[in-house]
1. Using a Gaussian network model on the chain with a 10 Å cutoff between Cα atoms, which of HIS309, HIS246, HIS217 fluctuates the most?
2. For segment 1-76, what does the equivalent ellipsoid look like in terms of its semi-axes, each the square root of 5 times an eigenvalue of the Cα gyration tensor, given largest first in whole Å?
3. Please list the three semi-axes, largest first and in whole Å, of the ellipsoid equivalent to segment 85-242, using sqrt of 5 times the eigenvalues of its alpha carbon gyration tensor.
4. Summing Lys, Arg as +1 and Asp, Glu as -1, what charge do residues with Cβ under 14 Å from the Cβ of MET1 carry, MET1 excluded?
5. For PHE339, what is the net charge nearby, where nearby means another residue's Cβ is under 11 Å from its Cβ and Lys, Arg count +1, Asp, Glu -1?
6. Dividing the Cα convex hull volume of segment 2-142 by residue count, how many Å³ per residue is that?
7. Using the crude model of +1 on Lys and Arg Cβ and -1 on Asp and Glu Cβ, and no other charge, please compute the dipole size for the chain relative to its Cα centre, in debye to 20.
8. Can you work out the Karplus-derived ³J(HN,Hα) for every residue in segment 368-378? Use 6.51 cos²θ - 1.76 cosθ + 1.60 with θ = phi - 60°, whole Hz, and x for glycine or proline.
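Where a number appears in this text, it was derived from the coordinates with a stated rule and is not lab data. The structure presented is a predicted model; accordingly, all values stated were derived computationally and were not measured. Note that each Cβ is placed from the backbone with ideal geometry, even for glycine, and that neighbours are counted across all protein chains shown.
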Amino acid sequence: MRLYNTLTKTIELFQPINPNEVKIYTCGPTVYDRAHIGNFTSYIYWDLLIRALTLSGYTPRRILNLTDVGHLASDADDGIDKLEKGAAREEKTVWEIADYYSNYFLENFHKLNLVEPTKICRATDYIEQDLALVDLLTQKGYAYETSDGIYFDTSKFKTYADFARLDLDHLRAGARVDFSSEKRNVSDFAVWKFIREGENHAMKWEYLGRFGYPGWHLECAAIIHAELGETIDIHTGGIDHIPIHHTNEIAEVEAAFDKKMANFWLHANFITIDNTKISKSLGNTYTIEHLEEKGYQPLDFKMWVLQGHFQGTRNFSFNDLSGAKNRRLAWKNRAALAFQKGIIKKTAISQAILEAVSDNLNSPLAFSLIDTNELSFNDWEFVDLVFGLELTKCIQSIPNFIPQLIKEREQARLHKDFIVADDIRAQLADNNFTVIDTVDGAFWQFLA
Ligand code: AMP
Ligand code: ZN
């Protein structure tokens, strides 16, 4: 496979560290609110990555985390914890909020037919590992204590600016004039936060005789080290993660263990909706549920996402979603025709599709190959393995009476009994099917 690597800013040939197992980590959602379609966009692309790796003969070992504590509402180290914010909004406990929105996320994850990660890790299950990492960073002189937390000293980590090509001088110059924090450098960040007097923070753990909670980046660093060990093959996230979250993860892990954190970094671009950013205040934080209410299936949305490349900017509109829905239906019906006509054996097109997605996840190219070539039923089954769009399962499991009705209609037409033939067409429609007459005979098709 060839993949664009944010680390080197080039497309590189992917080679795993261990040929038998590809170690992958994906930064998961903060479970304080309903995950929206923007959030799911990147998970859909990583699903394609996992499927392409598997079909290329690799065995992915993939960890996804759920941020159920400590992700502050601003990327700076002040501001309120997102979980606390959710709890205040809904008058629930933070634990209830985390549980509810974790389940919400996972339900949608399954609706999109995304391959189950090897393990899903909740940040709150790794506090011990977090604190061991804080200890190690402190011992090695990378972390220092202030009145409100333990901070990472970015000036000690010489390559801090490299990953995101950060301009630290510019950052320094742009820092607020009233910058009164005890931080040594503007770019220093909290690895552990202490709870201040009078501050309401329900999730808390004792460290150095005070109560506190982990900084956001620390959980990923600790989970990766605990679950995947040193130097992983691929780390994925959204482009928003590059300058802060991933830059800080790298600093923590590489400073602590003196090993490269990940060989490949993949970042998915952002989608906009009607050419505006997705935001609560604009009322456009559509969820998969919203799309379902409007008559779309979750997999129609997956189809829409995969029509574009993971590095491209995408603009979502319901008009384009309808286009994706129709395209998916057309593919299902083409697969149904191949099945009924007995065009079964896999062809070279399957290999061409795999090659397209293996070339930096070029799903748009793979889609155009599908549109412009004749596929056998086994090719369509392969398309389902690559993209998880569930085009073929429904074909093999259609009720027996559907092909039976098609035969009865043929007989009726032979006997010029058009009233019966029309009645059968109506029965088919009631069951969400239709019939097409071709030179090769009549075949059933899905209506939706
Ligand atoms: P959060 O739960 O807020 O941490 O968001 C999880 C991730 O979803 C973000 O870090 C982004 O990588 C991704 N994300 C959020 N908004 C969008 C968007 N509009 N398009 C694509 N990805 C997004
Ligand atoms: Zn992360």
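1. Looking only at HIS309, HIS246, HIS217, the largest GNM fluctuation is found for HIS309.
2. Details: eigenvalues 148, 43, 33 Å².
Equivalent ellipsoid semi-axes, largest first: 27, 15, 13 Å.
3. Numbers: eigenvalues 159, 98, 62 Å².
Semi-axis lengths for segment 85-242 are 28, 22, 18 Å.
4. On the way: positive: ARG2, ARG51; negative: GLU12, ASP233, GLU355, ASP359.
Taking every other residue near MET1 into account, the sum is -2.
5. On the way: positive: LYS332, ARG334, LYS341; negative: GLU381.
After counting each charged neighbour, the total is +2.
6. Details: hull volume 22.2 nm³, N = 141.
Each residue corresponds to 158 Å³ of Cα convex hull volume.
7. Working: 47 positive and 63 negative charges, 242 e Å.
My answer is approximately 1160 debye.
8. Karplus-based 3J(HN,Hα) across segment 368-378 equals 6, 5, 5, 5, 10, 10, 8, 10, 7, 5, 5 Hz.
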